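Any read-out appearing in this document is the output of simple, stated calculations on the displayed coordinates, not a laboratory observation. Bear in mind the structure is a predicted one, so any value in this text is a computation, not a measurement. Cβ sites come from the backbone with ideal geometry, for glycine too, and all protein chains shown count toward neighbours.
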Amino acid sequence: GARLYILGNEVMDSCQGPWTQETVRLAFESLDKQAGGRKLDVDILERGFGMGLVAGEFMDELKKRGGTYTVIELNKQVAEFARSNWVRKRRLSDKNKAASVLGGSTGPRFNVDFNIIPGDAYVETKKLAEEGRKFDIIASDTFPIEKTEESINDLFDLESLIKCIKP
């Protein structure tokens with residue numbers, strides 16, 4: 001049967017890991033196909049950091065390509081966790097890069113910029129659209145605030161999302 005993983009106050013079904021991996025794989029496969037080869041310097045927007053499952057999968061791919069990873073998160077504690085978690089990972093990545101220069105691993109290392117925006121996904125996405133910010137991939141998994149928003153809350157601001165996606 002299915003397993004449940006309890007992380008903090010969240011409950012995660014065991015199917016989420018494989019689903020997340022496949023979704024991210026398909027997003028990059030589609031992006032690469034559209035680009036006519038492997039796309040570098042990928043810009044990603046994630047709305048709703050949650051437990052960081054999607055972020056982890058995206059980051060594994062971005063480390064091979066470079067680019068930016070922007071997260072919009074409403075929950076202040078989760079936003080702070082995301083900020084501290086990725087800053088720590090960035091420092092470790094920089095440390096590994098320094099070790100490479102000093103004779104360690106010689107594989108290519110790409111720069112990934114992390115941006116954590118605390119706030120409401122609809123409001124912050126609209127701001128990004130107004131600023132002309134564009135992303136190669138947008139992942140949206142915002143938590144419904146009201147019962148009436150269930151299953152459709154990520155579509156309420158589709159117009160702003162369309163303005164933020166690169167051609």
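For the peptides 46-59, 29-42, 114-127, the ranking by packing is 46-59, 114-127, 29-42, with the highest mean count of neighbouring Cβ atoms within 10 Å listed first.
Add +1 for every Lys or Arg and -1 for every Asp or Glu among the other residues with Cβ under 9 Å from the Cβ of Leu161, and state the total. That works out to -1.
With the dipole of the range 15-73 worked out from charges on the C-beta (+1 for Lys and Arg, -1 for Asp and Glu) around the Cα centre, which of Leu53, Val42, Tyr69 lies farthest toward the positive end? Going by the Cα projections, it comes out as Val42. If you take the Cα centroid of the range 70-85 and the Cα centroid of the range 27-60, the two points sit 18 Å apart. Holding the Cα-Cα limit at 32 Å, pick out from Lys39/Lys126; Lys64/Lys147; Lys64/Lys127; Lys76/Lys147 the pairs that are longer than that. Long pairs (Cα-Cα over 32 Å): Lys64/Lys147.
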